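A single structure is presented below for examination.
FYI, it's all coordinate maths here, none of it is from the lab. Predicted, not measured: the structure shown is a model, and the values here were computed from it.
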Amino acid sequence: MSVLIATRSLQVPLRVHDACFTSEVLGSLKCDCSGQLQLAMEYIQQHKPGIVIYLQQEGRGIGLANKIAAYALQEKGLDTVDANRALGLPDDCREYSSVSNILRDLGVKSVKLMTNNPRKIRVLERLGVKVLERLPCIVAPGALNVHYLATKRLRMSHLLEGEGSTVDDDQDKEELEGQFCHWNHDGESALSSFVEPDR
């Protein structure tokens, strides 16, 4: 109860983290997911109260089996974006409506979001989450994930400079490359009802 009362009047540090079985359980060094989770928990420990919302959205939402298949294509030289597309999968199909519901239930009015991903900021804001500030969550590259991080930065517009910023600064960044799958709040594909506008 004391945590809930404390969070209502603060700009709460928040990490919305998507599960990564390969790094967080198996110890893979091919990505920065485990490192980001560790950084977020350490930051919250030092800046209480804070929240980590852990979502089961493996491989940017494509699932563990598809992620392993994408790994096989990456071994042949494709980056993470092109590996997904070669499998006929979207670049990113994560969905965050549960985050806004959780924050509403906790009485959290605004957050400092720990992320390097401008898409995540935009999606959460469209869901009604008030993001006042972006807190970088940057893991130093290693020999096995340097290409992965470069792909995030160059092809998915992740912000890996290491500098803090306001949300307004981030919104001036270039739009993300590629297609995403989007879902409405009933769990049905929002694309199924899309009508092409007259040209």
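Calculate, in nm to one decimal, what Asn101 and Ala143 gain on full extension: separation in residues at 0.36 nm each, minus their alpha carbon distance. Could the numbers behind the result be given before it?
Values: separation 42, 0.36 × 42 = 15.12 nm, distance 3.88 nm.
This chain segment gains 11.2 nm when fully extended.
Over all directions, what mean area does the Cα convex hull of segment 31-91 project, stated in square nanometres? Walk me through the intermediate numbers first.
On the way: hull surface 18.5 nm².
The orientation-averaged projected area of the Cα hull of segment 31-91 comes to 4.6 nm².
Rounded to whole Å and sorted largest first, what semi-axes of the equivalent ellipsoid does the C-alpha gyration tensor of segment 31-158 yield via the square root of 5 times each eigenvalue? It would help to have the intermediate numbers written out before the result.
Numbers: eigenvalues 153, 59, 32 Å².
For segment 31-158, the semi-axes come out at 28, 17, 13 Å.
Enumerate the amide H contacts of Met114 below 5 Å, restricted to partners 5 or more residues apart or on another chain; note that Pro and chain-start residues carry no placed amide H.
Residues meeting the amide H criterion: Leu14, Arg15, Val16, Leu135.
Over 23 Å between C-alpha atoms is what I'm after, so list which of Lys67/Lys130; Lys30/Lys152; Lys30/Lys120; Lys67/Lys109; Lys67/Lys112 land there.
Check vs 23 Å cut-off fails for Lys67/Lys130; Lys67/Lys109; Lys67/Lys112.
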